[in-house]
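Below: the structure, in structure tokens.
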Amino acid sequence: MTRYLVLLSFAACAFSASAGENMSFATVDANSDGFISETEFVSWKTSSGEMSPADALIKFIEIDSDASGMISEAEMDAAMAAKSEHESDGGTASEKKM
Ligand SMILES: [Ca+2]
């Protein structure tokens, strides 16, 4: 039973990782000004049904590390790197359990 749960969580991680790879900064930057505004970020996150507007706003504030009100490509890269690092940690832990 535990083994099935580990497999399921591993599959969920793999799925979310591949979904993330389909996203590019340019896709989210709707007006192509080189920054993702709060509006662009929230509409991207909510359009996929992934998050509520409130959750998307919290995520935006997390990623906007210099609190400029805009997400730069560097800030987005840092957020994606932190996310994939977290996911690979999860994968390693699952392999150890198996
Ligand atoms: Ca923009």
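The values are calculated or read from the model by the stated rules, or taken from the named source; none is laboratory data. From a predicted model like this one, the values you see are computed outputs, not experimental measurements. With ideal geometry, Cβ positions are generated from the backbone for all residues, glycine too; neighbour counts draw on all protein chains shown.
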Does the stretch 38-69 hold any residues that are of a type outside the set (V, I, T) and touching a strand residue (DSSP E or B) at 6+ places or on another chain (Cβ under 6 Å), and which are they?
D64
Quick check on the stretch 58-71. Is at least one of its residues within 16 Å of the ligand (Cβ to nearest atom) and modelled with pLDDT under 95?
no
Cβ-Cβ below 6 Å, separation at least six or inter-chain, first residue in the stretch 76-98 and assigned to a helix (DSSP H, G or I), second at pLDDT 85 or above and of a type outside the set (D, E): which pairs?
M76/F25; A79/I63
Suppose we keep only residues that are surrounded by fewer than 15 Cβ atoms within 10 Å (Cβ to Cβ) and of a type outside the set (G, A, S) within the stretch 25-45. Which one would you say is farthest from the ligand (Cβ to nearest atom)?
T27
